[in-house]
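Here is the structure we will look at, set down as structure tokens.
The values are calculated or read from the model by the stated rules, or taken from the named source; none is laboratory data. From a predicted model like this one, the values you see are computed outputs, not experimental measurements. Backbone-built Cβ (ideal geometry, glycine too); neighbour counts: all protein chains shown.
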């Protein structure tokens, strides 16, 4: 019996199997990419209603970054905004008949958590250099190095588990109710699942900001201390 968490390969690219979540993910990336280019192709100093709506979304992302990370949003806007938009769109892709959200796939959520893990390293090195980033693992004292390293792994794993658990549970519940009760009964559950999908996208993005802000805040002082130690 095949596990409900497994996905059959629809085709192969060489030895690599391509499953339905992968194809849906490619479709979402294409829609967001092409849609972004189309919506930003004719920007002007006097904004149209479309441009005003886009600027409102960007300002909302910037405001959330300022409130959460206490930094200027410029360096983080593209990553955080794209992360939120992708997860939001992926969670709501269930509105398309026959489509299962790719975030209900363990592999997709693992990839998203991996991106946050790499982003934490990137922004940490960008803030304090390689020395400052590595020195941050010794805060508040070198005894904490193993625990801080484990924490950097477990917090990314927690992102994976939280997103996968919430999205997959919604898909399972709707599928069971649909099979038992008919077509119209699951509609309230679908509405609740859409709300949950939006909330999960927001939580995922906020937690990514918290993790990045933490390592940036620790890497800068660690870099200063390391430089003072090498320059008496």
| Is there any pair with a first residue in region 1-19 that is within 20 Å of residue 168 (Cβ to Cβ) and a second that is in a loop (DSSP other than H, G, I, E, B) and modelled with pLDDT under 75 whose Cβ atoms are under 6 Å apart and which are 6 or more apart or on different chains, and what are they? | 19/7
| residue 92 vs. criteria free of Cβ contacts under 8 Å to residues at least 60 places away in the same chain and assigned to a helix (DSSP H, G or I) | no
| Residue that is nearest to the chain's Cα centre (by Cα) [pool: residues in region 48-79 that are part of a loop (DSSP other than H, G, I, E, B) and surrounded by 13 or more Cβ atoms within 10 Å (Cβ to Cβ)] | 73
| request: Answer yes or no: is there a residue in region 107-117 that is in a helix (DSSP H, G or I), within 16 Å of residue 219 (Cα to Cα), modelled with pLDDT of 90 or more and more than 18 Å from the chain's Cα centre (by Cα). | output: no
